[in-house]
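The values are calculated or read from the model by the stated rules, or taken from the named source; none is laboratory data. Not measured: the values here are computed from a predicted model. Don't worry about glycine lacking a Cβ; one is built from the backbone with ideal geometry, like all the others, and counts go over all protein chains shown. Ligands, DNA and RNA are excluded from the accessible area calculation, which covers all protein heavy atoms including side chains. Shrake-Rupley method; radii C 1.70, N 1.55, O 1.52, S 1.80 Å.
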Amino acid sequence: MPGLSAEMKIHGEPRVDQRLATETILIVEDEPKTASLVALYLEREGFKTVHAADGQRALGLARQYTPCFVILDLMLPQLDGWEVCRELRRFSDVPILILSAREDEFDRVMGLSLGADDYVVKPFSPRELVARVKAIRRRVRLQLTRAPTVYTHGELVLEPEKRKVTRGGKAINLTPSEYVLLQVLMAVPGRVFSRQELLDHLYPGGDSVVDRVVDVHIGKLRQKIEPDPAYPSYIVTVRGIGYQFADSEG
Ligand code: CA
């Protein structure tokens with residue numbers, strides 16, 4: 001049918017972030033032996049590395065290279081690791097792993113509250129350090145590529161991550177049961193759900209509840225979301241079976 005288009009769609013595109021822009025890791029460490037050992041292990045894994053032996057130079061290199069990761073020693077000449085961390089966070093979201101000589105809970109809390117992502121106490125195993133770097137990068141990449149899912153149909157918008165439903169920009173208050181039903185239906189427009197299927201979503205434990213419960217919730221849901229609840233156009237009754245969400249704006 002011309003003119004009818006599937007309005008329901010999943011929005012959101014993977015975002016590109018400067019944290020993934022390069023494969024260069026900035027190593028900030030004033031002990032040459034530690035710095036070159038860390039560099040060796042990271043380069044074996046295919047990373048490029050740049051090295052700063054003091055805090056001032058670290059900030060300069062961070063601006064110059066836009067590294068994908070920073071390994072940051074705390075005890076440094078000039079600016080110390082705390083200051084570097086704080087300054088870095090003014091212009092960059094780059095993951096930061098802190099190296100410290102002191103196994104001190106205060107350090108840990110401070111490091112994480114300054115925006116560091118992880119913390120390793122010296123002496124450390126370079127192998128473990130590399131594993132941590134890779135784990136953090138995986139986590140960051142996952143966060144960045146997971147597109148937020150939003151279901152829309154005409155003016156009706158359901159945002160699962162916020163557990164929020166709006167129509168024409170106005171928030172609609174739904175009970176938990178109403179919300180579950182709407183999300184299940186909106187996620188697959190045009191698909192017919194039997195009352196039993198919808199019940200299974202409402203009561204995953206399999207409690208035996210009369211299936212008219214679904215009709216009652218759907219009725220209330222329609223009062224809240226339908227432009228004209230007497231003639232529902234969003235949630236459509238499929239006679240003898242159950243319900244479906246309209247797959248076009250008819
Ligand atoms: Ca040091």
J(HN,Hα) series, region 73-81, from Karplus relation 6.51 cos²θ - 1.76 cosθ + 1.60, nearest Hz, glycine and proline x: 6, 7, 7, 10, x, 6, 6, 8, x
Label-to-label distance, nm, for residues given as GLU83 and THR66 (7 Å Cα→Cβ offset): 2.8 nm
Cβ charges +1 (Lys, Arg) and -1 (Asp, Glu), total dipole of region 147-245, debye: 220 debye
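State in Å² the accessible area per residue of region 147-245; use a 1.4 Å probe, count heavy atoms of protein chains only, and round to the nearest integer. Write out the running numbers ahead of the final one.
On the way: 5300 Å² over 99 residues.
On a per-residue basis, region 147-245 sits at 54 Å².
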Amide hydrogen neighbours beyond the local backbone of ILE98, cut-off 5 Å, H modeled: LEU72, ASP117, ASP118, TYR119, VAL120
Karplus-derived 3J(HN,Hα), 6.51/-1.76/1.60, for each residue of region 53-67, Hz, glycine and proline x: 9, 8, x, 4, 5, 4, 5, x, 5, 4, 6, 6, 9, 6, x
Accessible surface of region 147-245, 1.4 Å probe, proportion on carbon and sulfur as whole %: 51 percent
Segment ARG163-GLN223, extension gain: residue separation times 0.36 nm, minus the distance between their alpha carbons: 19.7 nm
³J(HN,Hα), Karplus 6.51/-1.76/1.60, whole Hz, each residue of region 163-170, x for Gly, Pro: 6, 10, 10, 10, 10, x, x, 8
